[in-house]
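Down below is the structure, laid out as structure tokens.
The values are calculated or read from the model by the stated rules, or taken from the named source; none is laboratory data. Quantities reported herein were computed from a predicted structural model and do not represent experimental measurements. Reconstructed Cβ throughout: ideal geometry from the backbone, glycine too, with neighbour counts over all protein chains shown. Please note that ligands, DNA and RNA were not included when accessible areas were found on the heavy atoms of the full protein model with its side chains. Shrake-Rupley method; radii C 1.70, N 1.55, O 1.52, S 1.80 Å.
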Amino acid sequence: MEERRVALITGASRGIGKKVAEKFAKEGYNLVINYVSDSTNVEEITKEIKSVTDEDIQVLFVKTDVTDFEACENMVKQAVEKFGKIDVLVNNAGITKDNLLIRMKEEEFDRVIEVNLKGTFNMTKNVVPYMMKKRYGKIVSISSVVGIGGNAGQCNYSASKAGIIGFTKSIAKELASRNILANCIAPGFITTDMTDVLSEEVKEKISDQIPLRKMGTAEEVANAVYFLANEENTYITGQVLNVDGGMMM
Ligand code: NAP
């Protein structure tokens, strides 16, 4: 039997990350699933992920705060000890702490940059040496349409997501010669816990501004992640793929 590919997905206990994990499970990848909250029900999530696939895949859960560089190094080591390699890294873990600039606290700015942008660096820096050894790697980082167009009330989040785009384009140039491809997905408004905080009225207003007239699903984002991360993508690197119902053209 051909050796299974291995995907490490950060923030895969819920929302988009979990659907990304399910997509890779369906495609027969072994999985490394990262999360941070103590309340995460690992057994339940394992059951749910295994229930979507007929493949006899293995799943390793690692509780790690992506802001902690050494902890990320340890998570990657654990993954390589178990599976021997990491073929795909999906930098998905992300948070919001919204406020207008005038009211934004320094801690709110710093924490969002630390999780979203520094977390992406921490993981990529630790995974890439193993990808270089195998001369194979796909890195997909979850940015956002607001990293391209900005959004009032989200200067911290937009800066972190714009940073992810610059980071990705730079490493795509550095790592192309090693057969490591790096791309971003820029989701628009996707139904998850992150957007659940918005009122129905706000969601309707947002949907009115989207050509496809609805919010997206985590599955729709997961399919796009897989498109960029699977073996058949051999010529797309340094790109940002919007999954936003046509919101930002
Ligand atoms: P979500 O439902 O709030 O889930 C966030 C995930 O990130 C959870 O698995 C959470 O783990 C994990 N996480 C948070 N802080 C972490 C940390 N310090 N270390 C490790 N993991 C951490 O969010 P989502 O809506 O699925 O968003 C996923 C990604 O898509 C984020 O990068 C987000 O910015 C981006 N995005 C989302 C939307 C949208 O409309 N939803 C739009 C554009 C971009 P726990 O469960 O352990 O807390």
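General observations
- Some residue of the range 112-123 being open to solvent by 40 Å² or more (accessible area, probe 1.4 Å), part of a helix (DSSP H, G or I) and more than 19 Å from Gly11 (Cβ to Cβ): no
- Unique match (being β-branched (Val, Ile, Thr) and either in a helix (DSSP H, G or I) or over 21 Å from Val20 (Cα atoms) (or both)) among Val127, Val90, Val66, Val140: Val127
- Against the test of being within 15 Å of the ligand (Cβ to nearest atom) and more than 19 Å from the chain's Cα centre (by Cα), the options Val146, Val202, Val225, Val240 yield a single qualifying residue, Val202.
- Note on the range 144-215: enclosed helices (runs of 4 or more DSSP H) holding 3 or more residues that are charged (D, E, K, R) and at pLDDT 95 or above are 155-175.
- Output for the range 102-128, where each listed residue is within 10 Å of the ligand (Cβ to nearest atom), among the aliphatic types (A, V, I, L, M) and within 17 Å of Cys72 (Cβ to Cβ): Val115, Met123
- Yes/no for Val20 being part of a strand (DSSP E or B) and closer than 30 Å to Asp244 by Cα: no
- Selection of the range 13-24 for residues being surrounded by fewer than 23 Cβ atoms within 10 Å (Cβ to Cβ) and more than 10 Å from the ligand (Cβ to nearest atom) yields only Glu22.
- Flag for Lys97 being part of a helix (DSSP H, G or I), at pLDDT 95 or above, open to solvent by 30 Å² or more (accessible area, probe 1.4 Å) and not polar (S, T, N, Q): no
- Restricting the first member to the range 189-209 and to residues that are more than 18 Å from Gly149 (Cα to Cα), and the second to residues that are more than 8 Å from the ligand (Cβ to nearest atom), the beta-carbon pairs closer than 7 Å and six or more apart or on different chains are Thr191/Thr217.
- Going through (1) touching a residue at least 24 places away in the same chain (Cβ under 8 Å); (2) under 17 Å from Ser141 (Cα atoms); (3) open to solvent by less than 60 Å² (accessible area, probe 1.4 Å) one by one, Gly216 falls short only on (2).
- Scanning the range 76-87 for residues that are in a helix (DSSP H, G or I) and not aliphatic (A, V, I, L, M) turns up Lys77, Gln78, Glu81, Lys82, Phe83.
- Residue that is farthest from Tyr136 (Cα to Cα) [pool: residues in the range 179-204 that are charged (D, E, K, R) and surrounded by fewer than 16 Cβ atoms within 10 Å (Cβ to Cβ)]: Glu201
- Taking first residues from the range 165-178 that are basic (Lys, Arg) and partners that are open to solvent by 90 Å² or more (accessible area, probe 1.4 Å) and at pLDDT 95 or above, the Cβ contacts under 9 Å between residues at least 6 apart in sequence or on separate chains come to Lys169/Gln239; Arg178/Arg135.
- The C-beta contact set for the range 60-79 (first residue closer than 19 Å to Asp110 by Cβ and more than 10 Å from the ligand (Cβ to nearest atom), second residue of a type outside the set (Val, Ile, Thr) and open to solvent by less than 70 Å² (accessible area, probe 1.4 Å), distance under 7 angstrom, 6+ apart or interchain) comprises Phe69/Asn122.
- Residues that are among the β-branched types (Val, Ile, Thr) and over 26 Å from Gly246 (Cβ atoms), drawn from the range 147-188: Ile171, Ile180
- Of all the residues in the range 45-59, those that are away from the ligand (no atom under 16 Å from the Cβ) and buried (at least 18 other Cβ atoms within 10 Å of the Cβ) number 1.
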